[in-house]
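The values are calculated or read from the model by the stated rules, or taken from the named source; none is laboratory data. Treat the numbers as computed from the prediction; the structure is a model and nothing was measured. Cβ: placed from backbone, ideal geometry, glycine included. Neighbour counts: every protein chain shown.
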Amino acid sequence: MQAKGKIAFVVGHTNWGKSTTLRALTHDNFRLRWHSISGFDFFIRRMSNDDYPDSYIDFMRRITPTKYDHLIAAMCPEFNSSENPTETILLSLQKKGFELYFWVLEKEQGHGERTVRSSEILTLRKHGVVEIHDTKTTPQKNAKLFSKFISDRVLK
């Protein structure tokens, strides 16, 4: 039987607060690659598929549940781009034995009013557990809510 790994994604579009949420999660230490939640050590992939697509794709192709059984990663829900094959990546991760969890920053955390489209959320639901964070708040509050999501949903 293939080992099961778990990946908790912070999901949002470009400049929506993914990176600042992960930075707040590690108490503003952007160099930390590991973070412990409820006694489990999570490897953190901070750069998203909208930051460095080729690097992101390469990383996701290389990981296995035996190498990283608990992972936190940023992700942009871009499903309509040939340069950024997000859904192909998600299918590949599932085939490797990863369980996928998505904590969605539904609203742009800055000054804009954009939201994640319902079609993007439906696509995420096809691949794993989805929780939607629908308010604008501070990165510190987002980090606490994301950590709670991991404790309550990912680690159960």
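Data overview
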read-out: Pairs where the first residue, in region 111-126, is over 12 Å from P77 (Cα atoms) and the second is surrounded by fewer than 13 Cβ atoms within 10 Å (Cβ to Cβ), C-beta under 8 Å, 6+ apart; value: none
read-out: Among (1) more than 15 Å from L22 (Cβ to Cβ); (2) part of a helix (DSSP H, G or I); (3) touching a Gly at 6+ places or on another chain (Cβ under 9 Å) - the single one E87 does not satisfy; value: (3)
read-out: Top-ranked residue in region 8-51 [being closer than 22 Å to S119 by Cβ, surrounded by 13 or more Cβ atoms within 10 Å (Cβ to Cβ) and of a type in the set (V, I, T); ranked as nearest to the chain's Cα centre (by Cα)]; value: V10
read-out: D51 being free of Cβ contacts under 8 Å to residues at least 40 places away in the same chain and either within 23 Å of P139 (Cα to Cα) or among the acidic types (D, E) (or both); value: yes
read-out: Scan of region 57-68 for residues that are at pLDDT below 95, of a type outside the set (S, T, Y) and either within 15 Å of the chain's Cα centre (by Cα) or at positive phi (or both), ordered by number; value: I57
read-out: Output for region 42-73, where each listed residue is under 17 Å from H13 (Cβ atoms) and in contact with an Asp or Glu (Cβ under 8 Å, 6 or more places away or on another chain); value: N49, D50, P53
read-out: Members of region 106-147 found to be in contact with an Asp or Glu (Cβ under 6 Å, 6 or more places away or on another chain), in a loop (DSSP other than H, G, I, E, B) and at pLDDT 90 or above, listed by number; value: E106, V116
read-out: Pairs where the first residue, in region 137-156, is under 16 Å from S19 (Cβ atoms) and the second is among the small types (G, A, S) and in a helix (DSSP H, G or I), C-beta under 6 Å, 6+ apart; value: P139/A24; Q140/A24; A143/A24
